[in-house]
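To keep things clear, I will list the structure first and then write my remarks on it.
The values are calculated or read from the model by the stated rules, or taken from the named source; none is laboratory data. The structure presented is a predicted model; accordingly, all values stated were derived computationally and were not measured. Because the Cβ atoms are built from the backbone with ideal geometry, glycine has one as well, and the counts that use them run over all protein chains shown.
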Amino acid sequence: MQVTVAIEPPDQPAVATLLQQSDAVAARLYPGAFRQSLNPATLSRPEIALFLARDEMGHALGCAALVDLGDGTAELKRMIVDPAHAGQGVGRRLLTAILQSARARGYRSVLLEVGIRNVEARRLYESAGFRDRGPFGRYALTPIATFMEIALEEANG
C-alpha cells in the first residue's frame, strides 16, 4: 500500500473521524479521568501542524499533530491510525514524516506523552529513538502516563 503524508487543514470530516477513533481508544484503555479530547477546531491554532496519512485512493489512514512549544521543541500529539489499517506501517510512515518535518523546521527535539497501556505506540516511539523523560509543559505525573523525547540530531526515524 502506498502511503503519503502531508500537512492538511484539520477542518475536514476525515480528521474528525480519526479523532473520534482516538477518543474511543483512549476511553477503552483509560476509562475515567485524565483523558482530554481534541477536535478539529482546537487543531486549527497557528502553532499546530496536522499531518494526515492517506492511501493511493486518498482515504485518510491516520493523523497526528505537531505542536510548536516555543522553545525549540515540539510536542507530538494525538497520533492515531485507523484500526482497519493498524499493523500496515502507516504509523511508522506518519512518524517518520513528522520527524523529518520537525528537523526541517529546526526543532531540537520532539516530546510526547503516551499512556502506559498503549504498548504498540511505545514500541513504535522507542524504535524511532524516543527515550523516557519526565513531564513537560503543563503535564504532571499521573499513574497512567509516561513521557518521551527524541533529540532530532540523534533520530534514526
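In table form, for the structure just shown:
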{"read-out": "Every residue from segment 18-49 that is closer than 22 Å to GLN88 by Cβ, at pLDDT 80 or above and exposed (fewer than 14 other Cβ atoms within 10 Å of the Cβ)", "value": "GLN20, ALA24"}
{"read-out": "Members of segment 91-117 found to be out of contact with any helix residue (DSSP H, G or I) (no Cβ under 8 Å at 6 or more places or on another chain), in contact (Cβ under 8 Å) with a residue 24 or more places away in the chain and in a helix (DSSP H, G or I), listed by number", "value": "ARG93, LEU94, ALA97, ILE98, GLN100, SER101"}
{"read-out": "Hey, THR142 surrounded by fewer than 18 Cβ atoms within 10 Å (Cβ to Cβ), closer than 20 Å to MET1 by Cβ and polar (S, T, N, Q) or not", "value": "no"}
{"read-out": "Failed item in (1) under 27 Å from THR146 (Cβ atoms); (2) modelled with pLDDT of 90 or more; (3) part of a loop (DSSP other than H, G, I, E, B), with ASP11 passing the rest", "value": "(1)"}
{"read-out": "Test result for ILE116, modelled with pLDDT under 95 and closer than 24 Å to GLN21 by Cα", "value": "yes"}
